[in-house]
1. Against the longest alpha carbon principal axis of the chain, how many degrees, from 0 to 90 and to the nearest 10, is the axis of helix 458-497 turned?
2. With axes computed from alpha carbons, what is the tilt in degrees of helix 66-77 against the longest principal axis of the chain, rounded to the nearest 10 within 0 to 90?
3. What is the distance in Å between the Cα centroid of segment 279-318 and that of segment 199-264?
4. Could you give the angle, 0 to 90 degrees to the nearest 10, between helix 170-183's Cα long axis and the longest principal axis of the Cα atoms of the chain?
5. Pop the C-beta distance of Lys264 and Gln229 into the FRET formula with R0 = 25 Å and round what comes out to the nearest 0.05.
6. For labels at Ile593 and Leu145 in the simple 7 Å Cα→Cβ model, what's the distance in nm?
7. Using the Cα gyration tensor of segment 337-402, with a ≥ b ≥ c the square roots of its eigenvalues, what is the shape: rounded (a/c below 1.5), prolate (a/b larger than b/c) or oblate (neither)?
8. Just want to confirm a number: the relative contact order over the chain, from Cα pairs under 8 angstrom separated by 6+ residues, in percent.
Amino acid sequence: MRKLSLRQISILGVALGILLPAMVFGYFMTVARYERELQLRIRVPMAQNADMLSKAMEVPLWNVDKEVSKQFVQAVMRNREVISLVVTDEAGNVFVRSDKVRKSGIHTLKEERPIYLETKVIGKVVLEMTTEYVNRDLLDDIFKLGAGLVAQVIFSFVLIWFLFDRRIVRPIQALQAATAKLASGKLDEPLVLQRQDEIGNLASGLNQMRLNLGQLISEREQQNIILQQELKERLRVEQALRDTEEKFIGIFQASPVAMSVLRKNNQYRIVDVNDAWVRQFAWSAETILSNLEIQEDLWRNSEDYAQVLRLLERDGELQGFEAWLRCGTEDKTLLCQISGRLIRFGDEPFLILVQEDITEKRQNEKDILNMNVTLERRVSERTHELEEANNELTVVLENLQRAQQELLRTEKMAALGSLVAGVAHELNTPIGTSVTVASTLQEQTDDILQQYSHGLRKSALEEYLKNARMGTDLLLRNLSKASELVTSFKQVAVDRTSANRRVFALHEMVSELILTLGPMIRKTKHEVVSDIPEKMMMDSYPGAMGQVMTNLINNAFIHAFGGESRGTVTISARFFDIDRIEIIVKDNGKGIIPVNLGRIFDPFFTTRLGQGGSGLGLNIVYNLIKDVLGGDISVDSIVGKGTSFTIVLPRIAKITDEQN
């Protein structure tokens with residue numbers, strides 16, 4: 001309303017003065033007429049028809065005469081305002097029903113009447129009528145009334161607007177323009193409006209106000225300049241105070257040591273504490289600030305508190321004063337180092353106290369002093385114990401190293417002894433055969449010599465020469481086989497018992513090894529297969545290599561295969577890169593359980609303890625590959641499918657310090 005102009009307010013007032021009474025009066029008339037029409041056209045006929053039908057349907061319903069009932073129903077349905085009529089029996093089943101098409105959104109009234117036969121209820125009549133036609137007639141009347149009202153208002157508006165514009169609006173607009181000039185600072189232009197009415201008096205008053213304002217504005221401008229300077233200075237001081245206060249509060253609350261602020265003019269009552277103080281003394285800030293008794297009871301010895309206040313009032317500051325203070329829980333006391341200073345905020349003095357908990361520090365110092373008394377004795381005793389333990393460990397380590405070396409030597413000699421026994425067994429057959437052939441030739445030679453002294457027949461000489469040729473062939477074949485075995489054994493034995501480095505073909509070295517291990521392999525049901533390409537040359541240590549292969553084969557025979565199973569150990573090799581060769585020793589045995597995979601190279605680890613296993617076989621393999629051959633070994637195993645040892649060796653072995 002405040003944003004409307006005077007013309008708009010006046011027109012709105014006139015319109016409301018005419019419209020509101022007419023609308024209120026018309027509303028009440030319309031409502032009364034609507035209720036009257038509703039009563040006369042709907043409610044009264046509906047009650048009459050319902051009463052008539054409840055009596056008329058008594059006999060047809062009892063006799064179940066639907067034709068007569070339909071005639072009554074159709075007579076009532078001829079009324080356009082009746083939209084539904086339902087007659088039901090005493091069980092609630094529909095006896096006769098008639099409905100008209102309903103329009104959406106229409107309002108209906110319903111009337112129900114029971115049907116009596118004497119005093120017994122035998123059915124029910126439900127009559128429903130619409131108010132659509134009554135509403136339509138009412139809307140027509142409202143439209144006519146509204147049209148007349150609008151015509152009346154328009155005529156009144158035109159007449160009042162003409163008079164109001166001439167006598168009020170235009171003079172006021174002139175005053176408004178003059179006032180706008182005054183507001184913009186144009187005080188030198190007078191307002192000219194010659195009228196002998198209230199508006200003329202208002203114009204004269206505005207002229208006088210213009211003169212007075214000019215004088216006041218000049219005075220106020222001088223005062224405003226002074227006030228602006230004072231205001232700027234005051235704002236600067238207030239901002240500086242706010243910044244200082246915020247910094248102080250931030251530093252105060254963020255301080256890691258307990259701090260409290262006391263007001264001197266209020267008997268040194270605590271007015272603020274920081275978060276560290278609350279954590280240290282277990283009092284909430286609200287409790288300690290609102291309870292003077294707790295503040296006084298905070299100091300275990302009131303003389304300490306009095307002494308602190310005296311020193312601060314005398315010197316203005318305090319450093320390193322120690323006193324016992326109480327905590328809020330479990331009747332606990334803390335030894336605190338008190339520091340403080342008197343400061344002023346404005347004209348009011350305050351006391352800032354720092355209460356650092358040194359209870360644990362003092363206890364630690366005391367414990368350190370007590371420990372220093374016996375520390376030298378304990379250090380001496382401990383040093384003596386450590387020396388004795390070190391001596392014992394040195395002896396044990398030397399014994400362990402000697403035992404390990406002895407076990408390694410024994411393992412090597414046992415393998416070599418097994419090799420010698422196998423070779424001896426292999427040599428036994430060809431040498432035995434050669435001895436038999438030689439003795440047979442000797443007997444036949446003696447016989448031919450005797451025959452020669454008595455006269456040698458040609459057939460006997462030919463038989464002797466034939467047998468001699470056959471015998472020499474047998475001797476040559478068996479002695480050649482024995483020579484091959486001896487040559488292989490010599491090479492393997494030399495390689496095993498020495499650390500000689502030489503250039504060799506890997507497939508030849510492995511083939512000789514398998515040939516040498518033939519007697520041991522044939523005692524089992526297993527086989528060893530070499531799948532190494534020819535001309536794969538290495539400059540390394542064949543003795544260490546043979547020991548590695550022997551131990552891996554023995555390990556597979558002992559651990560990988562069961563007593564009745566037939567296993568296969570496959571040795572294959574390929575070039576890993578230009579400088580290294582990868583050798584894979586794989587079996588199809590029962591595999592290694594995952595928990596043991598990380599321990600199989602540890603010394604003395606065996607799964608056949610007490611059954612012939614020393615626990616050094618794979619440890620020897622690991623040490624030879626790492627220390628002598630300069631390679632790496634890894635193992636993969638799947639339980640039930642077998643184990644695969646992967647060895648990566650340099651084609652040209654490096655020379656270590658020990659080998660030099």
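1. Roughly 40 degrees between the two axes.
2. It is inclined by approximately 60 degrees.
3. A separation of 40 Å, based on Cα centres.
4. 50
5. 0.10
6. Each label point is offset 7 Å from its Cα along the Cβ direction, giving 10.4 nm.
7. Because a/c hits 1.5 or more and a/b exceeds b/c, segment 337-402 counts as prolate.
8. Relative contact order here is 6 percent.
The values are calculated or read from the model by the stated rules, or taken from the named source; none is laboratory data. Remember, predicted model here, so these are calculated numbers, not experimental data. FYI the Cβ positions are ideal-geometry reconstructions off the backbone, even for glycines, and counts take in every protein chain you see. Only protein heavy atoms, including side chains, enter the accessible area calculation; ligands, DNA and RNA are left aside. Shrake-Rupley method; radii C 1.70, N 1.55, O 1.52, S 1.80 Å.
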